[in-house]
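A short write-up of the structure that comes next.
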Amino acid sequence: MYTETGTDIQRAATLLRQGALVAIPTETVYGLAGNGLNPAAVSEIFAVKERPFFNPLILHIPDWQSASLYAAAIPEAAHKLAAALCPGPLTFLLPKKEIVPDLVTAGSPLVALRVPAHPLTRSLLSLLDFPLAAPSANPFGYVSPTSAQHVIDNLGRKIPYILDGGPSSVGVESTIVGFEEPGKIQLYRLGGIAVETLSAISGAEVTDVRSHAVASGPQGPGMLKSHYATHAALYIGNVRELALQFPHQRIASIQFRDTYPGLPGVRQFVLSPSGSLNEAAAQLFAVMRAIDDAGFDVIVAEHFPETGLGPAINDRLNRAQAMHKPGTRLS
Ligand code: TXA
Ligand code: MG
């Protein structure tokens, strides 16, 4: 199949109405989108991504008002967060309505809904009378794409069209929250909205349920540990000390703001010389991919500050590291 790239939303809409898949830009990462109410299109997403069926998909909707088409009940806490943060990098887990295919939610009674902020994808959604099911447009287990070129590199010739919206501005996937306990917000995935922001807006306690999700196995909400892996083995810690442990390897390092003098043989990638965690998040996946493409053997990465988007960055680095630890590999 020949893969075309462009900004033609009419073309994208036509393909999606026919049941075909289209890669779409979002402010977090690029998505591999299909008609979320059409089980055949949803199956095709799992096939192209080589993703196991037990890992459910997010439904992308044009505006928060549309949430009630797919969610059976929406608690006040969700409305409150949505009023402040939609459109944006936040995904809501809510009780699903019958109309949502079980394939989308992997049999779960909850559906994940998100209103993406990218203008091209918002225009596309407004042309459609169905939501777009879309996981990140990478093969299962690899780093998510933050540009149309990343999608071509991974899925070229597997899908007919890539809507090119330029580089993703946030650069890490959406934060995922649930509302299963009254008065509290459950955090299922760290992402583009910082935990501090969730607490400040909601006034509610934010409970981290990520470790529980991992412990409960793959049936848990997709919090598989070994994700976001680079081909190069990745290690987190003191960059200088780690680099000494791999004397005969080609080493790249990932750092927040500083370049270190006296590190011969290490190619240093600094994510934000000005010290912005937002900029660092926006650069992270492109840098991980560039390091792989250049054929480095080892990545040594710093631990990022635990504020703002820092925890989301550390989470992605941790999962990439876990992929290379014996016993944590999935398949
Ligand atoms: O930023 C994002 O969220 C991007 C863009 C494309 O919107 N999408 C994305 O999708 O990251 P994906 O499929 O790569 O990750 C979605 C996560 C998965 O870990 C999945 O298990 C979880 O959301 N999820 C989806 N539906 C769920 C459900 N019903 N219950 C629990 N977890 C769910
Ligand atoms: Mg993904």
Query raised in the report: Taking the stated definitions as given, is Glu181 more than 26 Å from Leu317 (Cα to Cα), more than 16 Å from ligand 2 (Cβ to nearest atom), out of contact with any helix residue (DSSP H, G or I) (no Cβ under 9 Å at 6 or more places or on another chain) and not assigned by TED's automatic domain parsing to the domain that holds Ala280?
Result: yes
Requested in this report: From (1) surrounded by fewer than 18 Cβ atoms within 10 Å (Cβ to Cβ); (2) touching a strand residue (DSSP E or B) at 6+ places or on another chain (Cβ under 9 Å), pick out the condition that doesn't hold for Leu284.
Outcome: (1)
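What strands (runs of 3 or more DSSP E), lying completely within segment 155-220, carry at least 2 residues that are under 28 Å from Pro119 (Cβ atoms), within 12 Å of ligand 1 (Cβ to nearest atom) and modelled with pLDDT of 95 or more?
Output list reads 175-178, 184-189.
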Report summary line: When restricted to His79, His60, the only residue free of Cβ contacts under 8 Å to residues at least 24 places away in the same chain and out of contact with any Asp or Glu (no Cβ under 7 Å at 6 or more places or on another chain) is His79
Report summary line: Considering residues that are more than 11 Å from ligand 1 (Cβ to nearest atom) and touching a residue at least 40 places away in the same chain (Cβ under 8 Å), the number found within segment 88-102 is 2
Query raised in the report: Tally time: how many residues in segment 125-139 are within 10 Å of ligand 1 (Cβ to nearest atom) and part of a loop (DSSP other than H, G, I, E, B)?
Result: 4
Query raised in the report: What are the residues in segment 1-34 that are exposed (fewer than 14 other Cβ atoms within 10 Å of the Cβ) and aromatic (Phe, Trp, Tyr), if any?
Result: Tyr2
Query - Near pairs, Cβ below 6 angstrom, 6+ apart or cross-chain, from segment 141-160 (small (Gly, Ala, Ser)) to any residue that is assigned to a loop (DSSP other than H, G, I, E, B) - result: Ser144/Val29; Ser144/Asn138; Ser147/Pro167; Ala148/Asp164; Gly156/Thr3
Report task. Give me a count of the residues in segment 127-151 that are surrounded by fewer than 18 Cβ atoms within 10 Å (Cβ to Cβ), within 20 Å of Val287 (Cα to Cα) and either away from ligand 2 (no atom under 13 Å from the Cβ) or not assigned by TED's automatic domain parsing to the domain that holds Phe53 (or both). Result -> 1
Query raised in the report: When you look at Ser43, is it closer than 17 Å to Glu98 by Cβ and touching a residue at least 24 places away in the same chain (Cβ under 8 Å), yes or no?
Result: no
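The values are calculated or read from the model by the stated rules, or taken from the named source; none is laboratory data. Predicted model, so just to flag it, every value in this text is computed and none were measured. Because the Cβ atoms are built from the backbone with ideal geometry, glycine has one as well, and the counts that use them run over all protein chains shown.
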